[in-house]
Each structure stands twice: as structure tokens, then as C-alpha cells.
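The values are calculated or read from the model by the stated rules, or taken from the named source; none is laboratory data. In this text, all values refer to a predicted model and were calculated from it rather than measured experimentally. Note: ideal-geometry Cβ built from the backbone for every residue, glycine included; neighbour counts use all protein chains shown.
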Amino acid sequence: MRVNDLTPPTVTGPRPGTDMPMGRWPAQLYIALERLAAAAVTWDDPQTGAWDDPAYTWDMTGTPYSAWTDATCSMEGLEVETGADDPDGRFESARAAFTLDNRNGAWSSRDVQGRLVDYGPGTQVAIWATLNTAQWWLFAGRVTSWREHGEQVDVEAFDAFTALNQTIPEWNPGTYGQRPGPRITSILSLVGYTGATRLATGDVTLHSYLTTASPLEELQNVAASDGGLVGVDADGTVLYVDRSWPAGRSDQTTVPTVSDNVCTVPAVVWDLDVVVDDDVTANQVTLTNVAGVTVTAQDNDSISLMGGPRTLTRTGDQWIDQVAGQTLARYMVARRAPLWPRVEPFRLYLHDPNQPQLWPVGIDLRVGDRMTLVRDQPAQGGDSRLSLTVIAARIVHTVNPAEWVVEIDSSRSVGATGGGAYWDRTGTWDDGISRWGY
């Protein structure tokens, strides 16, 4: 686990045997379901022996139970998707979808009398893996759909965002002058959210006003107004990270290095496609807050290079101080005006028996982690080695009893060495003052 992680639940139930490929993997998967709390089943009035006595009906006595069951041995397929390749950090709910073998009826939501039992919407789901005795979270959330058909059950679950994305009447998210961290705490408290949180304080101070946005939309508006992002960690903890997020997570255990054509790199993957495009370029930023105050920042070098401005215009920011808004606009231009390269989504095939070194990379990776991508590229005069530092923005685990594939989508690089030329504002090469290239 990482230093701030919640502890996975204790589970009961069978584990995959060593005759299954999954049972022989270095990492062991856990899909745990919490049984819904229910009273113990009792017969009617034990004194009279009568059925349906008004005072003693089914399921009205006994101690409620709540226990976690290991569903991994019944798993026929699993997909966990978290994060999004969004430069403003507006993530959707992390989603877990899996299919269970239900030939023995163990995962049915109703018993032979037709009563709801054990599992269904609202059931908590915890998914993690163990590697070298260490535990690594992949997902935590609640079931939203439990579909039974034939001898299979299809389960779909989402993280805490889905509970926060509920429409409520007009409301006030917080007090005037709050910073983003306390404002997020106020919103979560207002909607009765009691889960774990880990929130940075943030930089700007915020307006107080009435809104009809959902709590999730308001959380994202608060984060955008500060240049940070809000999300749910793999263990189910709601996070707010300030504008320092391009530096990567502080709890990352190691920064992995991968390549598709440098054999000395420990983790080799298939086909890293390096791309330079203007999809998220913003060299002119105009921000307007809820009080109608507007600030603008631009990068003239980038505008000249691109043949004109790539404008980002945003209204509804919540910062109070114009200087703080101007600082935010300059930060956004500095981050998004340069034409830094990126890589197309790539995959780690963890089950490849020739690359056991991929397991710790794929199992431990979280949204917000840094990765180093190295590749040799042809260039005039000889090959050029390019080393890019990127932030993991979207991670998808696809698992079945024979395969485990991790697809990774990253941000544009936040650092690059080698293979790049810089045009400087002074008109000289590589003087290190400022640059719009890579």
C-alpha cells in the first residue's frame, strides 16, 4: 500500500487454484464484495408455531451481518477504468465492471423465496492486488447495477463521484474567503459524504454564491478556479490536489521507465507513438470570475510559432482577488502554451512470462503518477534519444483468468531531455531563459 492508503478489507471465500493461469501470476487479484446488512432469518413465533404472526414475521429478529466475500474465483472478466485525458482535470467516476460465474447461485440477489439477499445496488466493492506480500489498490466504490442473466451476473460499480453527481435544489457551497480545501470540505459535509478525504489547502480565496450545479460539478469548478484537480484515489479517498499536480504524486513509490526500442530500459512495451499536436495548446487564456472580473495572459512566442492564438476562455471562476486570477492565467499559459510532445495510449501485458518486471509497474500505477518514456528516434546525423516525463492521466485494467493488460493514457510531457531544440525569446538558441518548443 501507499503511505496514506486505507487498509483493504478482510475477506473470506475460495481463491483461484494454481491450476489456473491467474493462480500462478506473481500478483494476485482480489475482488471483494460486502454483503448487504440484513437481519438473520427466523421462523415465526416459536411459542405458537403459527406462520405470519403479526408480531413475528420473517427477517425481523437477529443481529445484522456485514462481511466481505472474495469473488475472484468466480470472476470471468474484469475492467477497471479510472482517470481521463483532460487537461483541466475534470475526471469522470472511476468504473469497475466484471462478470461472475453464477452456476451455483451464490451471487444471485434473491433466494428461493424471492427475497432480496446479500448483494445488489449499494454493495461496496474493493479491488486490489498483492505483489510480494504488499497490497496495491485498484478500485473502491459501490455497485450501481447487478444484472443476472442465465448462469452469469454482470456487475457495474462506480467510485464516490457517482454519489456526488446528484442534482439538488439551489444551494450555497461555502463562505466568502474560503480556500479550495475548506470549500471542498464544506460541500462534502453539506451533502452528507462521510468517506475518507485528503485535501490540499489551495492558493486562491473563493466567492460565496448560490448555485444549481451538482456537488460534483461544484467540486470541479472549485478545483479549476485554483488550477488544481479533484478526484477519487484507488482506495476510495476523495482527493484535492493543487496546481502543483504536474510535478506528480508525492506518495509514488518509484518512477517507472519504459521504452519500445531501448533494450537497457527495464520495462519494454509495444510501439510508443510520440506525437506533437495542438489539441490542448492554450497560448492565450482569458478567465472571468463570478463577479465579472476578467484577466488575460498570453505567450507571444507561442502565438508567433502557431500562426496565431489558441484561445482558452472560461467564465464562472470563483477566485476573489484579481491578482490571484492573473497568476492563475499565467500559470495556465506557462503549462499549456509550449508544444511539448506526448505519447499515444500504450499497453503493458503484465502476464507476459518474459517480462516479470512489468508487474510492479502496472500494479502500483495510479492516476497522477510520473512515468519516464525513453525512445531512440532517427534524426539527421544519427539517432536521437528522447526522454519524456509524463503524468498518468487514464489507466484501464482488463483482466480475465488468462490475461492482465494495463492501458495507459498520459498527459503531454511535463519534462523532456534530448532530441529537442528551443527557440528563445532573445532570439538565440538554447540560452535556457524561456522557450516555446521542446
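Structural remarks
- Filter pass, Ala416 being at pLDDT 90 or above and within 30 Å of Ala94 (Cβ to Cβ): no
- Some residue of region 202-215 being within 27 Å of Gln124 (Cβ to Cβ), acidic (Asp, Glu) and in contact (Cβ under 8 Å) with a residue 40 or more places away in the chain: no
- Index of the failed condition, Val343 passing every other in (1) under 24 Å from Val238 (Cα atoms); (2) in contact with a strand residue (DSSP E or B) (Cβ under 6 Å, 6 or more places away or on another chain): (1)
- Only strands (runs of 3 or more DSSP E) whose full extent lies in region 355-424 are considered here, and none of them has at least 3 residues that are closer than 30 Å to Asp101 by Cα and assigned by TED's automatic domain parsing to the domain that holds Asp86.
- Residue within region 293-302 that is within 26 Å of the chain's Cα centre (by Cα) and free of Cβ contacts under 8 Å to residues at least 60 places away in the same chain present: no
- Thr167 vs. criteria of a type in the set (S, T, N, Q) and not in a strand (DSSP E or B): yes
- Of the listed requirements (1) touching a strand residue (DSSP E or B) at 6+ places or on another chain (Cβ under 7 Å); (2) modelled with pLDDT under 90; (3) surrounded by fewer than 17 Cβ atoms within 10 Å (Cβ to Cβ), Gly195 misses just one: (2).
- Within region 114-152, the residues that satisfy the criterion of being surrounded by fewer than 19 Cβ atoms within 10 Å (Cβ to Cβ), more than 25 Å from Pro356 (Cα to Cα) and of a type in the set (Gly, Ala, Ser) are Gly114, Gly120, Gly122, Ser145, Gly150.
- Residue satisfying condition, being under 20 Å from Arg314 (Cα atoms), out of contact with any Leu (no Cβ under 8 Å at 6 or more places or on another chain) and not assigned by TED's automatic domain parsing to the domain that holds Ala291, within set Thr205, Thr254: Thr205
- Residue among Val262, Val285, Val268 that alone is farther than 22 Å from Trp340 by Cα and β-branched (Val, Ile, Thr): Val268
- Close pairs from region 89-109: first in contact (Cβ under 8 Å) with a residue 24 or more places away in the chain, partner among the polar types (S, T, N, Q), Cβ under 6 Å, at least 6 apart: Arg90/Gln220; Ser93/Thr162; Ala94/Thr82; Thr99/Gln152; Leu100/Ser74; Asp101/Ser74; Asn102/Gln152
- Selection within region 16-41 - modelled with pLDDT under 85, out of contact with any Gly (no Cβ under 6 Å at 6 or more places or on another chain) and surrounded by fewer than 18 Cβ atoms within 10 Å (Cβ to Cβ): Thr18, Asp19, Met20, Pro21, Arg35, Ala37, Ala38, Val41
- Here Thr253 fulfils each of the conditions (1) in contact with a strand residue (DSSP E or B) (Cβ under 7 Å, 6 or more places away or on another chain); (2) within 29 Å of Arg412 (Cβ to Cβ) apart from (1).
- The set of residues in region 270-294 that are touching a Ser or Thr at 6+ places or on another chain (Cβ under 8 Å) and part of a loop (DSSP other than H, G, I, E, B) comprises Leu272, Thr281, Ala282, Asn283.
- In region 313-347, residue surrounded by the most Cβ atoms within 10 Å (Cβ to Cβ) [restricted to those that are of a type in the set (A, V, I, L, M, F, W, C) and modelled with pLDDT of 95 or more]: Trp319
- Residue in region 153-163 that is surrounded by the fewest Cβ atoms within 10 Å (Cβ to Cβ), counting only those that are over 18 Å from Val399 (Cα atoms) and touching a residue at least 60 places away in the same chain (Cβ under 8 Å): Thr162
- Residues (within 21 Å of Asn165 (Cα to Cα) and modelled with pLDDT of 95 or more) located in region 198-214: Arg198, Leu199
- Being closer than 29 Å to Pro169 by Cβ, within 20 Å of the chain's Cα centre (by Cα), among the β-branched types (Val, Ile, Thr) and buried (at least 22 other Cβ atoms within 10 Å of the Cβ) is a property that does not hold for Val204.
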